[in-house]
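Participant: This is the structure, below, for whatever I ask next.
The values are calculated or read from the model by the stated rules, or taken from the named source; none is laboratory data. This is a predicted model, so every value here is computed, not measured. No Cβ is skipped: glycine too gets one built from the backbone with ideal geometry, and neighbour counts run over all protein chains shown. Areas reflect the complete protein model, heavy atoms only, side chains present, ligands, DNA and RNA absent. Shrake-Rupley method; radii C 1.70, N 1.55, O 1.52, S 1.80 Å.
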Amino acid sequence: MEVQDKRTYQAVIGLEFHAHLATTTKMFCGCRVTYGEPPNTHTCPVCLGHPGALPVTNEKAVELGVMAGLALNCEIADRAVFARKNYFYPDLAKGYQISQYDAPICTGGYLDVSTSDGTIRVGITRLHLEEDAAKNVHVGESGRMHGSVGSLIDFNRGGTPLMEIVTEPDIPSPEAARATANQLKNILRAIGVSEADMEKGQLRCDANVSIRNPDGSFGTKTELKNMNSFRFVERGLTRELERQRAILEGGGRVEQTTLHYDPDDDEVHELRSKEYAHDYRYFPEPDLLPLQLSEAWVREIKSRMPELPAQMLARFIEQYGLSEYDAGVLTADRDLAVYYETVAAVPGIDPKQAANWITVELRGRLNEADIEISESKASPERLAELIGLVGEGTISRSAAKDVLDRIVETGESPSAVVEREGLAAVGADELGGVVDEVISANPEEAERVRAGDKKVVGFLIGQVMRATRGNADGGRVRELLLQKLDS
Ligand SMILES: [Zn+2]
């Protein structure tokens, strides 16, 4: 049943991303790009769309677009043309958006994505540059357009350099869509072309989704708009595929439509239907010259490209002797990778131990607290100090985990925590005494170990650990017990 379902209902997903480019100024004027500043404080005649104001292309934005294209294995065009995309909306003062249409700066790339079913290659159809619209702020109880008492417009965002990246419909599942989105975000951040902070609206994602017909041809696709979290991308696509499947199983037909996923009720809602016949009346922007991207300039940009996540992964395996899994976890997040390298650079730190502490212990605690590594109070220096304390035998591994709990909360020095809470490991002499006591208190078990029943050793280790309140190294305790019971 399951197998047949999979064969009959093959999902076909394509993604479209909009990412703010990490420039200091806007796409076609000198206004600063800002977030969270008082409304309409960073505007000028160009980004307010005053008649007669002339745009000038931001060279840095073009450079960042080329970098993104190179990172996504795209072909970089030698000539790209800006075009007017005409439509009316209050947040678009000019009545058109300057974008690129039939001559984008990058085409034909790909991205290799690791998913739970292995690596898939997702084609990149195109990457083009454009400007963001201003921001509508709906006033009233609902905070949405419908039911609000009015709408205000903040033009600070208007004209922010934007890059649109469109993938081929190569993605086979909602989970793979989330992995693709995550990997793309990671690449954009790694090479510094976008901060890609979804909460600031610097990265947004739309998805096209359909179910393949039994004969292998594409089914009718629907569009899921404006998802601002990759978790919602996965959940929204899951819901939409369920909806399409129910329609097909009921003998109906999927209608081409635009939907919105609402995380509050975990459902997709129709925005507009039958809207695919948009006519934006694109034409080349008469106020801007076409971009001429010389081979030499592109080569020069390529020569100073930062390390890509895939290259970093290979380097971590090679340089630090990490497993592919650990290296993958660490390099999947630029901040985590930088954190790791800071810890591993501390003299005396074993890089594999450091990887283990970060990928398992630290990440576990961050996930539990639902915070990013950048928000963590446990600095790389603190963690390195903690790993050092375990390495030199000052504290046991289990005590170190308790100390880590504390550092993540407070950011204080591990040595200070150990001192204050009396977590220092029991010294060698003292530990020997405790082991002797445990042996004499449990003569029956001790006898069984002497007779070769190694299973009982665990019980005795537990007794020693309890007596030392966990402040002993389990391996060392086992060693001592076996030593003493062997003689
Ligand atoms: Zn401006």
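Participant: Which members of region 226-255 meet the condition of being within 27 Å of residue 201 (Cα to Cα), of a type in the set (A, V, I, L, M, F, W, C) and open to solvent by 20 Å² or more (accessible area, probe 1.4 Å)?
Facilitator: Within region 226-255, the first condition is being within 27 Å of residue 201 (Cα to Cα), and the residues that meet it are 226-241.
Right, trim to of a type in the set (A, V, I, L, M, F, W, C) and you get 227, 230, 232-233, 237, 241.
Result: 232, 241.
Participant: Now for a separate question. Can you pull out every residue in region 305-322 that is open to solvent by 50 Å² or more (accessible area, probe 1.4 Å), under 18 Å from residue 358 (Cβ atoms) and not basic (Lys, Arg)?
Facilitator: Hits for region 305-322 are 317, 319.
Yes/no matrix, rows are residues, columns are (1) among the polar types (S, T, N, Q); (2) without any contact (Cβ under 8 Å) to a residue 40 or more places away in the chain; (3) exposed (fewer than 15 other Cβ atoms within 10 Å of the Cβ):
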{"site": "89", "(1), (2), (3)": "no, no, yes"}
{"site": "93", "(1), (2), (3)": "no, no, no"}
{"site": "105", "(1), (2), (3)": "no, no, no"}
{"site": "122", "(1), (2), (3)": "no, no, no"}
{"site": "132", "(1), (2), (3)": "no, no, no"}
{"site": "138", "(1), (2), (3)": "no, yes, no"}
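Participant: Filter region 324-345 down to the residues that are among the β-branched types (Val, Ile, Thr), under 15 Å from residue 191 (Cα atoms) and open to solvent by less than 50 Å² (accessible area, probe 1.4 Å) and list them by number. If you could, list the steps in order and put the result at the bottom.
Facilitator: Filtering region 324-345 down to residues among the β-branched types (Val, Ile, Thr) leaves 329, 331, 338, 342-343.
Now drop any that are not under 15 Å from residue 191 (Cα atoms), which leaves 331, 338.
Within region 324-345, 331 is the sole residue that qualifies.
Participant: Further, regarding this structure: If I filter region 256-264 for residues that are free of Cβ contacts under 8 Å to residues at least 12 places away in the same chain, at negative phi and loosely packed, with under 14 Cβ neighbours inside 10 Å, do I get at least one hit? Walk me through it before giving the result.
Facilitator: Here is the first cut: in region 256-264, the ones free of Cβ contacts under 8 Å to residues at least 12 places away in the same chain are 262, 264.
Still in the list and also at negative phi: 262, 264.
Filter once more, so that each one left must be loosely packed, with under 14 Cβ neighbours inside 10 Å: 262, 264.
Yes: one or more hits.
Participant: Could I ask something else about it? Kindly indicate whether residue 348 is in a loop (DSSP other than H, G, I, E, B), of a type outside the set (Lys, Arg) and loosely packed, with under 14 Cβ neighbours inside 10 Å.
Facilitator: yes
For (1) touching a residue at least 60 places away in the same chain (Cβ under 8 Å); (2) within 16 Å of the ligand (Cβ to nearest atom), each residue gets a yes or a no:
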| residue | (1), (2) |
| --- | --- |
| 151 | yes, no |
| 160 | yes, yes |
| 176 | yes, no |
| 183 | yes, no |
| 212 | yes, no |
| 223 | no, no |
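Participant: Do we have residue 375 as within 22 Å of residue 471 (Cα to Cα), modelled with pLDDT under 95 and acidic (Asp, Glu) here?
Facilitator: Numbers: within 22 Å of residue 471 (Cα to Cα): no; modelled with pLDDT under 95: yes; acidic (Asp, Glu): yes.
The answer is no for residue 375.
Participant: Can I ask one more? Given the criteria without any contact (Cβ under 8 Å) to a residue 12 or more places away in the chain and either out of contact with any Pro (no Cβ under 7 Å at 6 or more places or on another chain) or outside any loop (DSSP other than H, G, I, E, B) (or both), does residue 251 qualify? Even if it seems obvious, please write down each step before you answer.
Facilitator: Values: without any contact (Cβ under 8 Å) to a residue 12 or more places away in the chain: yes; either out of contact with any Pro (no Cβ under 7 Å at 6 or more places or on another chain) or outside any loop (DSSP other than H, G, I, E, B) (or both): yes.
Yes, satisfied.
Participant: Restricting the first residue to region 18-33 and requiring it to be farther than 12 Å from residue 131 by Cα and of a type in the set (Lys, Arg), which pairs with a second residue that is within 15 Å of the ligand (Cβ to nearest atom) and not in a loop (DSSP other than H, G, I, E, B) meet a Cβ separation below 9 Å and a spacing of at least six or different chains?
Facilitator: Final answer for the pair search is 32/25.
Participant: How many of the residues making up region 202-225 are over 14 Å from the mean Cα position of the chain (by Cα) and surrounded by 16 or more Cβ atoms within 10 Å (Cβ to Cβ)? Steps first, answer last, please.
Facilitator: Going through region 202-225, the residues over 14 Å from the mean Cα position of the chain (by Cα) turn out to be 206-225.
Imposing the further condition that a residue be surrounded by 16 or more Cβ atoms within 10 Å (Cβ to Cβ) reduces the set to 206-212, 219, 221-225.
Selection size over region 202-225: 13.
Participant: I'd like the full set of residues that are in contact with an Asp or Glu (Cβ under 7 Å, 6 or more places away or on another chain) and part of a loop (DSSP other than H, G, I, E, B), limited to region 170-219.
Facilitator: 202
Participant: Is it the case that residue 366 is within 30 Å of residue 415 (Cβ to Cβ) and within 25 Å of the chain's Cα centre (by Cα)?
Facilitator: Numbers: within 30 Å of residue 415 (Cβ to Cβ): yes; within 25 Å of the chain's Cα centre (by Cα): yes.
Yes, satisfied.
Participant: Filter region 47-77 down to residues that are near the ligand (Cβ under 9 Å from one of its atoms) and open to solvent by less than 40 Å² (accessible area, probe 1.4 Å) and give me whichever is nearest to residue 154 (Cα to Cα). Explain how you work it out, then say what you get.
Facilitator: Here is the first cut: in region 47-77, the residues near the ligand (Cβ under 9 Å from one of its atoms) are 47-48, 53.
Going one step further and asking which of them are open to solvent by less than 40 Å² (accessible area, probe 1.4 Å), we end up with 47, 53.
Details: 47: 11, 53: 19 Å.
Among residues in region 47-77 that are near the ligand (Cβ under 9 Å from one of its atoms) and open to solvent by less than 40 Å² (accessible area, probe 1.4 Å), the one nearest to residue 154 (Cα to Cα) is 47.
Participant: Checking the conditions here, which among 294, 323 is among the polar types (S, T, N, Q) and closer than 30 Å to residue 85 by Cβ? Spell out the reasoning first.
Facilitator: Numbers: 323 fails: closer than 30 Å to residue 85 by Cβ.
On inspection, the qualifying residue turns out to be 294.
Participant: Can you find a residue in region 170-189 that is under 19 Å from residue 87 (Cβ atoms) and modelled with pLDDT of 95 or more? Break it down into steps so the answer makes sense when it comes.
Facilitator: Narrowing region 170-189 to residues under 19 Å from residue 87 (Cβ atoms): none.
No, the conditions are met nowhere in region 170-189.
Participant: Hey, could you check region 22-46 for residues that are in a loop (DSSP other than H, G, I, E, B), more than 8 Å from the ligand (Cβ to nearest atom) and among the hydroxyl-bearing types (Ser, Thr, Tyr) and say which is most open to solvent (accessible area, probe 1.4 Å)?
Facilitator: 24
Participant: I need the full set of residues from region 351-388 which are among the β-branched types (Val, Ile, Thr) and part of a helix (DSSP H, G or I), in order please. Lay out the reasoning, then the answer.
Facilitator: Of region 351-388, the ones among the β-branched types (Val, Ile, Thr) are 358-360, 371, 373, 387.
Result: 358, 359, 360, 373, 387.
Participant: Can you tell me which condition residue 192 does not meet? The list is (1) open to solvent by 30 Å² or more (accessible area, probe 1.4 Å); (2) under 30 Å from residue 313 (Cα atoms); (3) at pLDDT 95 or above, and all the others hold.
Facilitator: Single failed check for residue 192: (3).
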